[in-house]
């Protein structure tokens, strides 16, 4: 340890109260930055997971142009080739085929247009949370009953129609053959969904019932695919493209990630991130000014002492290093204590869902369509980037006091008494 470092360490503890205040400010900043970023990471992951588990999956496979027109004309052939390609692709967590279209849903004198999704119940449970959202009745049975079709309605849709469990609703639409399609479906359950729009318009039936209703034979409209996590979506899309290229022409299929299908969701997260980072930037800058003020006051109070050491032959560069090291020691102490407090707490909070209530819960559900909970996630980049940012700001804040001290003249400093 050099002479400058030893002197800097002693100087840090010469005024314990001032040191404690400066360190406390840094601890508060580190603690708040890490927890805030951890909360944002957790909430954003939850938003994406809820969104993809409500419908699309991380990656959606459909016929070319289906996402634009949403009609039965753009279909996928269901002849085994797609299933084999998906099963052989690494990184696929789960997948589910669907037949999606629109129909008029009626009961007695009430009618409501809605989206009808035909699903394979067992596979759908692995991809979406529809089955978990059932609040009355039950979800669809694994095997379709050709004699009595079943339907699960969004709760708001059921309320608008006045449909209750056991009631029969008439689905009326246009089949793939352009013939009129109509059939009675028994209401076996209702779902409470985070997204009010889905809850007002969604009806789920068995994929075999949808195939009969729309006269769709060996076709489907889309496949929802889950990756290991949202970050792996792009890589999984590339793997699926390679796997499907051996059996299909490029213009037959269309693959999209959740970010392409839901750009408004990505934009909301970016806006939320921007607001958070502006707030954190202000906080870190305030900490930088706190370190600047602490060191500057220490220099002014020790003007005579600094003049003496300069007169005794201490080089200005050595004095610069001493003051600079003193500033970085203050920041380092705050960082160590802040990390020691924040990381264990964030690790404990990770995975815990804290329910939101009141306006916060309502805003979260309506704005993001997610479950009204707060979650946290500890990512390695969080403490690393937070530490580097605060160290960078502290390093900048320490420059001016160190330069000012190194440029002092011994005679002027001694006259300051």
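Of everything in the stretch 126-172 that is under 21 Å from residue 197 (Cα atoms) and free of Cβ contacts under 8 Å to residues at least 12 places away in the same chain, the residue that is nearest to the chain's Cα centre (by Cα) is 132.
Does the stretch 13-36 contain at least one residue that is assigned to a helix (DSSP H, G or I) and either in contact with a strand residue (DSSP E or B) (Cβ under 8 Å, 6 or more places away or on another chain) or on the phi > 0 side of the Ramachandran plot (or both)? Checked the stretch 13-36: at least one residue is assigned to a helix (DSSP H, G or I) and either in contact with a strand residue (DSSP E or B) (Cβ under 8 Å, 6 or more places away or on another chain) or on the phi > 0 side of the Ramachandran plot (or both). Hey, any hits in the stretch 315-328 for a residue that's modelled with pLDDT under 70 and either over 30 Å from residue 46 (Cβ atoms) or in the same structural domain as residue 191 (by TED's automatic domain parsing) (or both)? Among the residues of the stretch 315-328, not one is modelled with pLDDT under 70 and either over 30 Å from residue 46 (Cβ atoms) or in the same structural domain as residue 191 (by TED's automatic domain parsing) (or both), which makes the answer no.
In this structure, is residue 214 within 30 Å of residue 157 (Cα to Cα), outside the structural domain of residue 156 (by TED's automatic domain parsing) and in contact (Cβ under 8 Å) with a residue 24 or more places away in the chain? When the stated conditions are applied, residue 214 does not pass them. Assessment of the stretch 87-108 against the conditions (surrounded by fewer than 18 Cβ atoms within 10 Å (Cβ to Cβ), part of a helix (DSSP H, G or I) and either at pLDDT 90 or above or not assigned by TED's automatic domain parsing to the domain that holds residue 272 (or both)) yields at least one matching residue. Among the residues here, residue 186 does not qualify as in a strand (DSSP E or B), closer than 21 Å to residue 79 by Cα, touching a residue at least 24 places away in the same chain (Cβ under 8 Å) and more than 23 Å from the chain's Cα centre (by Cα). When residue 225 is tested against (1) part of a strand (DSSP E or B); (2) surrounded by fewer than 22 Cβ atoms within 10 Å (Cβ to Cβ), only condition (2) is not met. Considering only the stretch 275-287, I want to know if a residue exists there that is in contact with a helix residue (DSSP H, G or I) (Cβ under 7 Å, 6 or more places away or on another chain), surrounded by 15 or more Cβ atoms within 10 Å (Cβ to Cβ) and under 21 Å from residue 76 (Cα atoms). Checking the stretch 275-287: not a single residue is in contact with a helix residue (DSSP H, G or I) (Cβ under 7 Å, 6 or more places away or on another chain), surrounded by 15 or more Cβ atoms within 10 Å (Cβ to Cβ) and under 21 Å from residue 76 (Cα atoms).
The residues in the stretch 43-70 that are out of contact with any helix residue (DSSP H, G or I) (no Cβ under 8 Å at 6 or more places or on another chain) and either buried (at least 21 other Cβ atoms within 10 Å of the Cβ) or over 27 Å from residue 133 (Cα atoms) (or both) can be counted, and the count is 7.
Test of understanding: among 189, 166, which residue is buried (at least 18 other Cβ atoms within 10 Å of the Cβ) and at pLDDT 90 or above? Walk me through how you get there before you give the answer.
Working: 166 fails: buried (at least 18 other Cβ atoms within 10 Å of the Cβ).
Exactly one of 189, 166 is buried (at least 18 other Cβ atoms within 10 Å of the Cβ) and at pLDDT 90 or above, namely 189.
Report, by residue number, each residue of the stretch 329-351 that is in contact with a strand residue (DSSP E or B) (Cβ under 7 Å, 6 or more places away or on another chain) and either outside the structural domain of residue 16 (by TED's automatic domain parsing) or not in a helix (DSSP H, G or I) (or both). Result: 350, single match. Regarding residue 236, is this residue in a helix (DSSP H, G or I), touching a residue at least 40 places away in the same chain (Cβ under 8 Å) and outside the structural domain of residue 29 (by TED's automatic domain parsing)? Considered against the rule, which asks whether it is in a helix (DSSP H, G or I), touching a residue at least 40 places away in the same chain (Cβ under 8 Å) and outside the structural domain of residue 29 (by TED's automatic domain parsing), residue 236 comes out as yes.
Can you tell me how many residues in the stretch 333-352 are without any contact (Cβ under 8 Å) to a residue 60 or more places away in the chain and either buried (at least 18 other Cβ atoms within 10 Å of the Cβ) or within 25 Å of residue 46 (Cα to Cα) (or both)? So that I can check it myself, show each step before the final result.
Initial filter on the stretch 333-352 (without any contact (Cβ under 8 Å) to a residue 60 or more places away in the chain): 336, 340, 344, 347-348, 351-352.
In the following step, the residues that additionally are either buried (at least 18 other Cβ atoms within 10 Å of the Cβ) or within 25 Å of residue 46 (Cα to Cα) (or both) were identified as 344, 347-348, 351-352.
Number of matching residues: 5.
The values are calculated or read from the model by the stated rules, or taken from the named source; none is laboratory data. The structure presented is a predicted model; accordingly, all values stated were derived computationally and were not measured. Don't worry about glycine lacking a Cβ; one is built from the backbone with ideal geometry, like all the others, and counts go over all protein chains shown.
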